[in-house]
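The values are calculated or read from the model by the stated rules, or taken from the named source; none is laboratory data. This is a predicted model, so every value here is computed, not measured. Every residue, glycine among them, receives a Cβ derived from its backbone with ideal geometry; neighbour counts consider all protein chains shown. Please note that ligands, DNA and RNA were not included when accessible areas were found on the heavy atoms of the full protein model with its side chains. Shrake-Rupley method; radii C 1.70, N 1.55, O 1.52, S 1.80 Å.
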Amino acid sequence: MKKCKEEQILSFQCPVRGRVALLAETPDTTFSQEKIGCGVVVFPTGDTIYAPTNGRVIMFFPTEHAIAIECANGIEYFIHVGIGTAAMNGEGFRCYVKASGAM
């Protein structure tokens with residue numbers, strides 16, 4: 001398992017209510033095997049996702065199920081909501097932000 005850098009952990013707050021676990025616990029192998037980076041999985045009990053840190057939205061999937069945020073220190077966070085949610089084509093998601101480009 002790759003280790004996250006200390007600054008990645010210190011600048012992050014949980015984006016949704018729920019149980020936080022090691023990324024290895026997610027059933028999605030892209031994430032559990034850390035193919036796109038280190039992180040955590042949250043098994044949510046809430047239904048609203050908040051920004052986990054201050055930063056700029058640099059990417060928002062058209063299907064509104066995933067977002068990337070870049071902090072002033074250059075650390076990027078990728079938030080992916082659900083498993084198989086790309087196939088929902090935005091159904092059930094409501095976006096309140098827009099991507100503003102890289103810092």
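List of remarks:
- Any hit, the stretch 40-47, residues being touching a Gly at 6+ places or on another chain (Cβ under 6 Å), β-branched (Val, Ile, Thr) and open to solvent by 40 Å² or more (accessible area, probe 1.4 Å): yes
- When each of PHE78, PHE93 is tested for being modelled with pLDDT under 85 and among the aromatic types (Phe, Trp, Tyr), the lone residue that passes is PHE93.
- Matching residues in the stretch 51-103 - criterion: being open to solvent by less than 60 Å² (accessible area, probe 1.4 Å), among the hydrophobic types (A, V, I, L, M, F, W, C) and under 18 Å from VAL16 (Cβ atoms): VAL57, PHE60, ALA66, ILE67, ALA68, ILE69, ILE79, VAL81, PHE93, CYS95
- When residues of the stretch 27-65 are limited to those that are within 19 Å of MET88 (Cα to Cα) and aliphatic (A, V, I, L, M), the one farthest from the chain's Cα centre (by Cα): MET59
- Verdict on GLU7 being within 22 Å of LYS98 (Cβ to Cβ), modelled with pLDDT under 85 and more than 11 Å from the chain's Cα centre (by Cα): no
- Members of the stretch 60-74 found to be of a type outside the set (Asp, Glu) and farther than 20 Å from THR30 by Cβ, listed by number: CYS71, ALA72, ASN73, GLY74
- Total residues in the stretch 11-21 satisfying the condition of being surrounded by fewer than 14 Cβ atoms within 10 Å (Cβ to Cβ) and in contact with a Ser or Thr (Cβ under 9 Å, 6 or more places away or on another chain): the figure is 4.
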